[in-house]
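The values are calculated or read from the model by the stated rules, or taken from the named source; none is laboratory data. This structure is a prediction, so every number in the text was calculated from the model and none was measured. No Cβ is skipped: glycine too gets one built from the backbone with ideal geometry, and neighbour counts run over all protein chains shown.
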Number of protein chains: 2
Amino acid sequence: MEIPYKIYLEESEMPKAWYNLRADMKNKPAPLLNPGTGKPMTLEELSQVFCRELALQELDCETPYIPIPQEIQDFYKMYRPSPLVRAYCLEKKLGTPAHIYYKFEGNNTSGSHKLNSAIAQAYYAKQQGLKGVTTETGAGQWGTALSMACSYFGLDCKVFMVKISYEQKPFRREVMRTYGASVTPSPSNTTQVGRKILAEFPDTNGSLGCAISEAVEAAVSNEGYRYVLGSVLSQVLLHQSVIGLETKTAMDKYGIKPDIIIGCAGGGSNLGGLIAPFAGQKLRGESDVRLIAVEPASCPSLTRGKYAYDFCDTGCVCPLAKMYTLGSSFIPSPNHAGGLRYHGMSSIVSQLYDDGLIEARSAEQTAVFEAAEYFARVEGILPAPESSHAIRVAIDEAIKCRETGEEKTIVFGLTGTGYFDLYAYQSFNDGKMTDYIPTDEDIAKSLSKLPQIK
Amino acid sequence: MEIPYKIYLEESEMPKAWYNLRADMKNKPAPLLNPGTGKPMTLEELSQVFCRELALQELDCETPYIPIPQEIQDFYKMYRPSPLVRAYCLEKKLGTPAHIYYKFEGNNTSGSHKLNSAIAQAYYAKQQGLKGVTTETGAGQWGTALSMACSYFGLDCKVFMVKISYEQKPFRREVMRTYGASVTPSPSNTTQVGRKILAEFPDTNGSLGCAISEAVEAAVSNEGYRYVLGSVLSQVLLHQSVIGLETKTAMDKYGIKPDIIIGCAGGGSNLGGLIAPFAGQKLRGESDVRLIAVEPASCPSLTRGKYAYDFCDTGCVCPLAKMYTLGSSFIPSPNHAGGLRYHGMSSIVSQLYDDGLIEARSAEQTAVFEAAEYFARVEGILPAPESSHAIRVAIDEAIKCRETGEEKTIVFGLTGTGYFDLYAYQSFNDGKMTDYIPTDEDIAKSLSKLPQIK
């Protein structure tokens, strides 16, 4: 069967339930712990921070399929299904026998896959009768997505934006404002934790961990608000399974079998969503597909972090999660462009990695932008820096196929577009982009502050 | 039949030929004239400025269908077919019985429909063995599109960018650079005409007409270069007919009959392309669909201009075109955001308008951004300011249907996204956006300089 350039599913083929990979995991991801008691967080405890339905999803390691409410399915129809693209031009340019596909999640105004979970979280907040939600955003993709979702359901949206991104990405801020969100640079003096961090580090550029602390405080101290998070959590990976489910349906429709699936990994939401049904097959012994996580060399939680319980945030107000982590005080060097700057990794992805089900690689920034520019010129799409980590490894694997003559099928997640990352592209175009790899001492220092579990 | 949120055609349903509306026009658009002799431009004359095949297309008023070369069809497959979207959410929010559809051309990195013609023009330049092409760009959509197209075919690309856009849109410039183009703010001292304009108006913000003059000079004074233009010309409308052809195929597939088709109009490329097959039906007496052009109140060539021969550029180096024009020295007020700032209008659109086949309206900037924000929040897509002119009128027409209870089918062209127009959105969000309508005296002044035809 001839494969079109872009495979679009019919509306009737779109997923009607999310896939909960945890149900198929023999080694379940470790539970979130209450940092005070050292015991697993209960539904009641989680419900003080998260919407109740989302707290239920966070705790559910058993139900394999969770129905997608009709309102969310309808919203998905506005920008999904996303295309699975056959990269014919890239294959030709590389002269590789490999077949390359990418699942492109950038065709929505938030510019990335983040909207898949944002709309779900806003829906459950609305159902619960909340006034609004609080969150943090780094590169701004998640904040934009949440602003769109909240605007759709008429919810208030308070975004704490990592200070350096707030300054470097004023356009992101304006998109959020256009959707009616309030955006505060973090750390700010609007929260106790923010004031404390500012007192200790007055010149800080901010970090995701710090913005999370502020957003959580704003949620628990405002009546009718809950906190929502765009990555890391198991509930987020659940919602993002829509990426993998659509990908698998599209591939099955054309009889395509993947040999390698590649995703960039910051907190793990895109990777976890893309690989979900394929990792499920692997767990059930039905497939031996290779799954590769690609992270920045400047923030290498999987490849150089430790698998341990750690705080999810800098202010240490969140539950503890067992994950591959660089330590909650780890902050990537300011020359690091784009997202993928979280100190830890989704518990699900961490457990899969620890069990040897997925591989991990790190990529340096300039090599990533080389791949980004190459891809943009050949395939027409200007990719986000985050997504370009996956492009880098996909190109590397396709070049290996050229050398060995193997006709492998390579699939990667193209999570978003780079329209708001032009300062980084400018720095690359001007030959001024640099790499930064943390030293062993840097990492040892932040890891030395891991919490002691009682 | 249930209409999906988004109608995508199969690759096999995509157009294989462009539709040349001129073939069905009883009153043909007036020919381009040589400003020196006052006689119609010959193929030889046109070929000194344009690629020969494009010059042929420019002159061809007879051939109804012109095959799309396979290489262009293949490129189209990378980002086309574009979706025809049923605006279910907008209809619901407006409480209108109208059925609203939009053809969304923004899902490619250039962010607009301009790529449809850019790739065609680059292809013919490559076929002719040229080294490269020169062009102008205002808001930057055309320059970005042409950079992408030239990068694909390995052509050099010299872009003259209207100075105020160059300064206000550094990100557009970086996208063009990422695709390997050189970008010069216009007027510049790299051309004779630029130096002359700078000498006369040292503080000018530049204009499209001026940038065209520079690009034409750069083309004719560099061996192996030709000039390409992103709008106005009949060849461009020919290429853009792909928009209307896809729209019509999608509507026919679902048995949808349009009552009103709306497009924004600057030079007329999007409007002319979108309405082409429908205007053809109208010309053949097969349809009475209403066709509405929407232009900015600050640059109202159709609604307040004169139908006369005029220069296409400020420097008066180009052929004369008969068109609705405000005079080639007309420059919209600097507070005008976005594109749609050309002093004239496509000859084809002008003739159709003069013959009463299309209607025209103008919209003020703040009313346009109100519609843009409303649309963004309801339909999820952040529209380009240009496209939002069409949204404004589509919403107005849908509200009329709410009042009369008529279940009309309204189709509009959503030509692009607003990711590079966030300064304008910021100005709107901050309540600082203003309107500007030129006075009768302003227009009379620039019209007083229309050329005398010998």
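Go through the range A:282-306 and give me each residue that's assigned to a helix (DSSP H, G or I) and within 18 Å of residue A:342 (Cα to Cα).
Result: A:301, A:302, A:303, A:304.
Please pick out the residue among A:65, A:5 that is of a type in the set (Ser, Thr, Tyr), farther than 14 Å from residue A:233 by Cβ, at pLDDT 95 or above and buried (at least 17 other Cβ atoms within 10 Å of the Cβ).
Only one candidate passes the filter, namely A:5.
Suppose we filter B:391, B:348, B:331, B:381 for residues that are more than 12 Å from chain A (Cβ to nearest Cβ) and part of a loop (DSSP other than H, G, I, E, B); which single one remains?
B:331
Could you count how many residues in the range A:181-216 are out of contact with any Phe, Trp or Tyr (no Cβ under 9 Å at 6 or more places or on another chain), closer than 20 Å to residue A:333 by Cβ and of a type in the set (A, V, I, L, M, F, W, C)?
Total meeting the criteria: 2.
Do we have residue B:232 as at positive phi and surrounded by 24 or more Cβ atoms within 10 Å (Cβ to Cβ) here?
Spelling it out, residue B:232 is indeed at positive phi and surrounded by 24 or more Cβ atoms within 10 Å (Cβ to Cβ).
Failed condition for residue B:33, given (1) in contact (Cβ under 8 Å) with a residue 12 or more places away in the chain; (2) within 13 Å of another protein chain (Cβ to nearest Cβ), with all others met?
Of everything listed in (1) in contact (Cβ under 8 Å) with a residue 12 or more places away in the chain; (2) within 13 Å of another protein chain (Cβ to nearest Cβ), residue B:33 misses just condition (2).
Name the residues in the range A:229-265 that are in contact with a strand residue (DSSP E or B) (Cβ under 9 Å, 6 or more places away or on another chain), modelled with pLDDT under 95 and of a type in the set (Gly, Ala, Ser), would you?
A:230
Exactly one of these conditions fails for residue B:114: (1) of a type outside the set (Ser, Thr, Tyr); (2) under 15 Å from the mean Cα position of the chain (by Cα); (3) more than 14 Å from chain A (Cβ to nearest Cβ). Give me its number.
Among (1) of a type outside the set (Ser, Thr, Tyr); (2) under 15 Å from the mean Cα position of the chain (by Cα); (3) more than 14 Å from chain A (Cβ to nearest Cβ), the lone unmet condition for residue B:114 is (3).
Which ones in the range B:308-328 are at negative phi and in a loop (DSSP other than H, G, I, E, B)?
Those that are at negative phi and in a loop (DSSP other than H, G, I, E, B): B:312, B:313, B:314, B:315, B:317, B:318, B:319, B:326, B:328.
Name the residues in the range B:259-288 that are touching a Gly at 6+ places or on another chain (Cβ under 9 Å) and of a type outside the set (Gly, Ala, Ser), would you?
Residues satisfying the conditions are B:261, B:262, B:264, B:270, B:271, B:274, B:275, B:277, B:278, B:286.
For the range A:406-417, check the following and say yes or no: at least one residue is over 27 Å from residue A:92 (Cβ atoms), of a type in the set (Ser, Thr, Tyr), more than 21 Å from the chain's Cα centre (by Cα) and not in a loop (DSSP other than H, G, I, E, B). Before the answer, list the steps.
Looking only at the range A:406-417, we keep the residues that are over 27 Å from residue A:92 (Cβ atoms), and these are none.
No, there is no match, as no residue in the range A:406-417 is over 27 Å from residue A:92 (Cβ atoms), of a type in the set (Ser, Thr, Tyr), more than 21 Å from the chain's Cα centre (by Cα) and not in a loop (DSSP other than H, G, I, E, B).
Mind telling me which of the residues A:409, A:415, A:439, A:434 ends up being out of contact with any Pro (no Cβ under 8 Å at 6 or more places or on another chain) and either surrounded by 13 or more Cβ atoms within 10 Å (Cβ to Cβ) or small (Gly, Ala, Ser) (or both)?
Step by step, each of A:409, A:415, A:439, A:434 is checked, and only A:415 is out of contact with any Pro (no Cβ under 8 Å at 6 or more places or on another chain) and either surrounded by 13 or more Cβ atoms within 10 Å (Cβ to Cβ) or small (Gly, Ala, Ser) (or both).
Going by the structure shown, is residue B:420 assigned to a loop (DSSP other than H, G, I, E, B) and either under 30 Å from residue B:283 (Cα atoms) or within 14 Å of another protein chain (Cβ to nearest Cβ) (or both)? Spell out how you get there, then give the answer.
Working: assigned to a loop (DSSP other than H, G, I, E, B): yes; either under 30 Å from residue B:283 (Cα atoms) or within 14 Å of another protein chain (Cβ to nearest Cβ) (or both): yes.
It is true that residue B:420 is assigned to a loop (DSSP other than H, G, I, E, B) and either under 30 Å from residue B:283 (Cα atoms) or within 14 Å of another protein chain (Cβ to nearest Cβ) (or both).
Within the range A:61-80, identify whether any single residue is in contact (Cβ under 8 Å) with a residue 60 or more places away in the chain, in a loop (DSSP other than H, G, I, E, B) and within 14 Å of chain B (Cβ to nearest Cβ), and answer yes or no.
Within the range A:61-80 (the criterion being in contact (Cβ under 8 Å) with a residue 60 or more places away in the chain, in a loop (DSSP other than H, G, I, E, B) and within 14 Å of chain B (Cβ to nearest Cβ)), the answer is yes, since at least one residue qualifies.
State the number of residues belonging to the range A:196-226 that are surrounded by fewer than 24 Cβ atoms within 10 Å (Cβ to Cβ) and part of a strand (DSSP E or B).
Number of matching residues: 1.
Answer with yes or no whether residue A:380 is within 17 Å of the chain's Cα centre (by Cα) and under 30 Å from residue B:421 (Cβ atoms).
For residue A:380, the condition - within 17 Å of the chain's Cα centre (by Cα) and under 30 Å from residue B:421 (Cβ atoms) - is not met.
Let me spell it out: the conditions are (1) touching a Ser or Thr at 6+ places or on another chain (Cβ under 8 Å); (2) modelled with pLDDT of 95 or more, and residue A:163 meets all of them except one. Which number is the exception?
Tallying (1) touching a Ser or Thr at 6+ places or on another chain (Cβ under 8 Å); (2) modelled with pLDDT of 95 or more, residue A:163 fails exactly one: (2).
Which condition number in (1) more than 12 Å from every other protein chain (Cβ to nearest Cβ); (2) assigned to a helix (DSSP H, G or I); (3) farther than 21 Å from residue B:234 by Cα is the one that residue B:122 fails?
(3) is the only condition that residue B:122 fails.
For residue A:114, are the conditions met, namely being touching a helix residue (DSSP H, G or I) at 6+ places or on another chain (Cβ under 7 Å), among the charged types (D, E, K, R) and surrounded by 24 or more Cβ atoms within 10 Å (Cβ to Cβ)?
Answer is yes for this residue.
Within 14 Å of chain B (Cβ to nearest Cβ) and either in a helix (DSSP H, G or I) or free of Cβ contacts under 8 Å to residues at least 24 places away in the same chain (or both): which single residue out of A:445, A:400, A:432 fits that description?
A:432
Given the condition of a type in the set (A, V, I, L, M) and in contact with a Gly (Cβ under 9 Å, 6 or more places away or on another chain), answer yes or no: does some residue in the range B:385-392 qualify?
There is at least one residue in the range B:385-392 that is of a type in the set (A, V, I, L, M) and in contact with a Gly (Cβ under 9 Å, 6 or more places away or on another chain).
Go through the range A:90-110 and give me each residue that's within 11 Å of chain B (Cβ to nearest Cβ), in a loop (DSSP other than H, G, I, E, B) and touching an Asp or Glu at 6+ places or on another chain (Cβ under 9 Å).
Correct list: empty.
Residue B:438 is checked against (1) assigned to a loop (DSSP other than H, G, I, E, B); (2) within 22 Å of the chain's Cα centre (by Cα); (3) within 14 Å of another protein chain (Cβ to nearest Cβ) and fails just one. What number does that condition carry?
Of everything listed in (1) assigned to a loop (DSSP other than H, G, I, E, B); (2) within 22 Å of the chain's Cα centre (by Cα); (3) within 14 Å of another protein chain (Cβ to nearest Cβ), residue B:438 misses just condition (3).
Which one of these is away from chain B (no Cβ under 14 Å) and either touching a His at 6+ places or on another chain (Cβ under 8 Å) or in a strand (DSSP E or B) (or both): A:360, A:367?
A:360
Among the residues of the range A:143-188, write down those that are more than 10 Å from chain B (Cβ to nearest Cβ), part of a helix (DSSP H, G or I) and more than 25 Å from residue B:88 (Cβ to Cβ).
If the condition is that a residue be more than 10 Å from chain B (Cβ to nearest Cβ), part of a helix (DSSP H, G or I) and more than 25 Å from residue B:88 (Cβ to Cβ), then A:143, A:163, A:164, A:165, A:166, A:167, A:168 are the ones that fit.
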